[in-house]
Amino acid sequence: VRDCLLVAQLDVLTTAWEAVPKLVKEQQGHMLRRLFRPDVELSVMRDAAVAAYEQWASKAAQAFAAQGTNQAFPEMPEALYRFVSRMRPVDEEATVPGPTSASWLLQAWSEQREDSTQKAKVQQILDTFAKIFRGAEKYWSDHLTVAAEEMHEAQQSLETMLQSGSMDVQVVLISSTADLRDVQRCLDPNTLKLRSKLVIKDNTSSLVANASGVSVPQGLQLLRQGQLSDHFGNHTSSLKAKDIHSKFMELAPGAGNDLRLFFGTDSFDTQLNEALKALKDLGNLLQQVKHASEVFPRVDRSYALLHERYQEGRLKAVN
């Protein structure tokens, strides 16, 4: 109950601080000293901000321990977002303080030279405000960095394998229900690997083709990519091989259309799935961090850079 009341007070006080005209903040320090006293309003703001921040940080730590680095984390409370956006740290502002800079409070109480203890109290409170700001900013910035590194490593590993030429990846065009049924018969229902050589007559392949059609060697695995992934949607990677095998004929191409199936090695499938998962995780995190990027300068810079890399990664995934 106490924390709820504090958060409500925090919203009221930060709204009041934002509403004070900049002219008053610049030229009427005595008004600020009457409105924001270190033993009353500023102390309440500090206690409320600390309570909101610690509660959120605790939930985030629990989520981190339970789920890992790139999962969804508890969103910052809106009251905390409003606090860090309305009460900007002194050292975060440019040479000319903005209208919500905490430096106006410090300046106002610095004018009260006969009472240095009050200025010291204000300084301590503003230091706490700055720590909350920096802590929240570092939290989001660190998670962006980790997600970006994981995506980069996964993509680098995949590209290294592709460039090495050590893996066999084949594309087979299926133009009829009969061809699709032949593929289903060749697939092991438990692994989606070819139990025998697959031969599709009168077809073409990106790697293996001759006058009699396409030949895919035994042992290659049906990859959960392309049109197969489009058909089964977001659950493709989590579906059991048996489920895909039993529903395989749902992929039958319509008149005048071809179905493109990908076959490759286990290692390629694993690396590709890891790269796509890292890309998806980064996309999910970018959605979470978008709000924070509007508040924290360092997060905004990282967000802009990583959003560009994310779009590049999506284009690579499509290709």
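Exactly one residue out of LEU305, LEU279, LEU285 is out of contact with any Gly (no Cβ under 9 Å at 6 or more places or on another chain), at pLDDT 70 or above, crowded, with 16+ Cβ neighbours inside 10 Å and part of a helix (DSSP H, G or I), and it is LEU285. So in the range 6-31, with the set limited to residues that are among the polar types (S, T, N, Q) and in contact (Cβ under 8 Å) with a residue 60 or more places away in the chain, which one is least open to solvent (accessible area, probe 1.4 Å)? Within the range 6-31, the match that is least open to solvent (accessible area, probe 1.4 Å) is THR14.
Of all residues in the range 32-54, those being assigned to a helix (DSSP H, G or I) and either touching a residue at least 40 places away in the same chain (Cβ under 8 Å) or loosely packed, with under 14 Cβ neighbours inside 10 Å (or both) number 15. Against the conditions (1) open to solvent by less than 30 Å² (accessible area, probe 1.4 Å); (2) part of a helix (DSSP H, G or I); (3) modelled with pLDDT under 75, LEU315 satisfies every one except (1). Under 9 Å between Cβ atoms, at least 6 apart or on separate chains: pull out the pairs that start in the range 282-308 with a residue that is over 12 Å from TRP140 (Cα atoms) and end on any residue that is of a type in the set (Val, Ile, Thr). Every condition considered, the pairs that remain are LEU306/THR145; LEU306/VAL289. Quick check on LEU272: is it crowded, with 16+ Cβ neighbours inside 10 Å, at pLDDT 70 or above and either in contact with a Lys or Arg (Cβ under 6 Å, 6 or more places away or on another chain) or not aromatic (Phe, Trp, Tyr) (or both)? Judged against the criteria, LEU272 is not a match.
The values are calculated or read from the model by the stated rules, or taken from the named source; none is laboratory data. Note that the structure is predicted; figures quoted are calculated from it, not measured. Positions of Cβ are backbone-derived with ideal geometry, glycine not excepted, and every protein chain shown enters the neighbour counts. Each accessible area value is taken on the protein alone, full model and side chains, heavy atoms only, with ligands, DNA and RNA left out. Shrake-Rupley method; radii C 1.70, N 1.55, O 1.52, S 1.80 Å.
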